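Since the structure comes first, as structure tokens, the remarks are kept for the end.
What follows is calculated from the coordinates using simple rules that are stated; it is not laboratory data. Remember, predicted model here, so these are calculated numbers, not experimental data. Please note: Cβ atoms are built from the backbone with ideal geometry, for glycine as well, and neighbour counts cover all protein chains shown.
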Amino acid sequence: MSGAGRLSAQIGIVVGIFLAWEAAVQTGVANPRIVPPPSQVLPMALAMLGDPEVLHHLWITSAQVMLAFVLVAPLGVAIGLLLGESDYFGRAFKPFFYFVASVPKSVFLPVFILAFGIGFTQKVAFGMFQAIFVLVISAIAAADSVSADYLKMARAYGASRRQIYQDIYLPAMLPVIVEGLRLGMIFNITGVLFAEMYVSRAGLGHLVANWGMSFEMVKLFAGILLAAVLSIAVNESLRWYEKRIGAWRG
Amino acid sequence: MARLTVVAEERDGAGGGEANLRADGVTHVFETAGGPLMAVTDVSFTVEEGTFVGLVGPSGCGKSSLLQMMAGLLNPTEGRIVMGEEEIREPRPAEIGVVFQESSLLPWKSARENVEFPLYLRGVERSVREKKALEMLDLVGLGEFAERRPHELSGGMKQRVAIARGFCQDPSVLLMDEPFAALDEQTRMTLGDELLQIWERHKKTVVFVTHSLTEAVYLCDKVLVMSARPGRILKEIDIALPRPRTYDLMATETFGRLRAEIWELIRGGDRP
Ligand SMILES: Nc1ncnc2c1ncn2[C@@H]1O[C@H](COP(=O)(O)OP(=O)(O)OP(=O)(O)O)[C@@H](O)[C@H]1O
Ligand SMILES: [Mg+2]
């Protein structure tokens, strides 16, 4: 299917879902007190984007997400590459990361509250914690994906150490690392929003949790919609970049 | 054939036995988790400049190890590899080209970028190396595919790219480790012929590892037959067939006899 064809099909599906949703509420299949119709939710979401208070909370969430990502991305990738490239560290610590990666991180949230309080720092720390495992594991995979054949070939043709890093390791690993960054970002957003919903005084997660508890369903759904649209936008732009630099993977 | 002249011009300076490649009592022992593993032992031979020499032997007998030592990628535990007067202990990209199996093309680079990679590593100016790479791709019949990435090429085309890369810096020695192993019989015969045509013009020294005895006899001036691991040279067999080689040679008695002789050696050498 062509790019344009696929895009219009995707837009069609989204429009279709909204129409079905609207129809379900209008015909009484869905209870409007629990599921408000998109004809109310969409205008509310747009109004929120002009509401300074909501924007303030959105900004706090974004700042936490971005700070957590800026801190955890280099850390996670560096640890992963170290574990992937060094036999010694790899053998000692790889199993640890695989084990802990399989534990649901949410159960650690109370520990983060005790350690960091319920403010900005705790949200950032918890976002980082959520993201670091997938970052490390995908960086290990990236290091493993550099074929020994490429290295041998490069050495045979006289590549210097710097050239081997710059012209073999980097391009070979980049698509896998960017894929890891994208997944790490999703985990990071999940972590920050979850922590905000659990206990906090600010942030999109805090708003959504409050609207839910006070049965403000239109606002709740508008908040969910904003969170969804923002996450999808971040994810898709990283995926676009990933595709572009990884086109050679065929 | 103007493009061939360009290649030939740059060949000056590589004359007078300088590209004789010699192994002197070469032994290589790998240190493995399960203890030392002797890959080849006391191997000696000479590859004369400008000749096409085959290396055959049972799987695991140390052919690749030997080739890597000739490429300077691996050092002998004992003995030495000598080119002209100098011992080889590290890669010599300007003089020794290596053609590996197909997996050695960089998948994120186009065919042209792969071919010019050795020149890029040496810091050759972009326009110069592009021109050279395109010449080389023309030489192997892939001029039209210069901007394709490896995943868009067939196995045979990828191997042609690897050969073009091997020739790109115009080395005096070309080491080839089973370059056609992953290809079907027809493609490998065609590529073998193409390789011979290029070689007849440039007369580089070629060391060619193969599992195919037919290929070895068809292509080579001399075939070194190795024993099972630890690899030793069982015999050097001169292939006294006229050049240029043509397919009808395969039907001759001499061809059959040479092929049978190599097979006997390998089979016998396989038994302890
Ligand atoms: N890097 C290495 N470390 C340890 N052992 C190795 C290494 N490379 C090769 N060997 C061992 O050395 C022996 C010779 O290997 P080599 O690859 O040279 O054989 P080969 O003749 O090329 O085999 P094939 O025909 O299957 O390609 C084998 O037993 C192999 O297991
Ligand atoms: Mg081999």
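Here is how the numbers come out for the structure above:
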item: Cβ-derived FRET efficiency at R0 45 Å, B:Ala251 paired with B:Glu78, nearest 0.05; result: 0.55
item: Value of [θ]222 nm, deg cm²/dmol, for chain A, DSSP H segments ≥ 4, -39500 (n - 2.57) each, nearest 500; result: -26500 deg cm²/dmol
item: Rg(Cα) / (2.2 N^0.38 Å) computed for segment B:165-272, rounded to two decimals; result: 1.10
item: Placed amide H near B:Gly79: partners under 5 Å, 5+ positions off or other chain; result: B:Thr27
item: Neighbour-count ranking [beta-carbon atoms within 10 angstrom, fewest first] of A:Ser200, B:Ser127; result: B:Ser127, A:Ser200
item: Calculated P(r) tail over 21 Å for segment A:120-246, as whole % of Cα pairs; result: 55
item: Rounded to the nearest 20 debye, dipole of the protein assembly as shown from Cβ charges on Lys, Arg, Asp, Glu; result: 1380
item: In sequence order, calculated HN-Hα J values of segment B:242-247 (Karplus, 6.51, -1.76, 1.60; Hz; x Gly/Pro); result: x, 10, x, 6, 10, 4
item: Amide H within-cut-off set for B:Leu55, under 5 Å, with H built and near neighbours excluded; result: B:Phe208, B:Val209, B:Thr210, B:Leu224
item: Ratio of the Cα radius of gyration of segment A:41-121 to 2.2 N^0.38 Å, where N counts its residues; result: 1.61
item: Inter-probe distance in nm under a simple model that places probes 7 Å from Cα toward Cβ, at A:Leu42 and A:Trp59; result: 2.9
item: Selection from B:Gly141, A:Leu170, B:Leu196, by position along the positive dipole direction of the protein assembly as shown (Cβ); result: A:Leu170
item: Kirkwood-Stokes translational diffusion coefficient of chain A, alpha-carbon pairs, 10 °C, 1.306 mPa s, µm²/s; result: 77
item: Extension gain, A:Ser160 back to A:Ala4 (0.36 nm per residue minus Cα-Cα distance, nm); result: 51.7 nm
item: Cα pair distances of segment B:196-235 binned at 5 Å [whole percent]; result: 6, 19, 26, 25, 13, 7, 5, 0
item: Rh by Kirkwood over Cα pairs, then Stokes-Einstein D for chain B at 1.306 mPa s and 10 °C, µm²/s; result: 83
item: Cα long-axis angle, helix B:155-168 against chain B (0 to 90 degrees, to the nearest 10); result: 80
item: Rg and Dmax [Cα atoms of segment A:188-250; Å; Rg one decimal, Dmax integer]; result: 15.7, 51
item: For segment A:94-105, Karplus couplings with θ = phi - 60° (6.51, -1.76, 1.60), whole Hz, Gly/Pro x; result: 4, x, 4, 5, 5, 4, 5, 4, 8, 7, x, 5
item: Gain upon complete extension [A:Ala78, A:Phe108; 0.36 nm per residue less C-alpha separation]; result: 8.4 nm
item: Principal axis dimensions, segment A:1-148 - Cα atoms, whole angstrom, descending; result: 64, 48, 28
item: Cα pair distances of the protein assembly as shown binned at 20 Å [whole percent]; result: 18, 38, 24, 16, 3
item: Hull-based mean projected area of segment B:101-170, where the convex hull spans the alpha carbons, in square nanometres; result: 4.1
item: FRET efficiency, 1/(1 + (r/R0)^6) with R0 45 Å, evaluated for B:Glu261 and A:Glu85 via beta carbons; result: 0.40
item: Dipole in debye (nearest 20) - chain B, about Cα centre, beta carbon charges: Lys, Arg +1; Asp, Glu -1; result: 380
item: Point-charge dipole on Cβ atoms (K/R +1, D/E -1) for segment A:36-249, about Cα centre, debye to 20; result: 480
item: Neighbour-count order for B:Glu95, A:Glu236, fewest beta carbons within 10 angstrom listed first; result: A:Glu236, B:Glu95
item: Cβ-based exposure ranking for B:Thr246, B:Thr32, A:Thr61, in which fewest neighbours within 10 Å come first; result: B:Thr32, B:Thr246, A:Thr61
item: Inter-label distance for A:Arg33 and A:Arg244, nm, one decimal - labels placed 7 Å from Cα along Cα-to-Cβ; result: 5.1
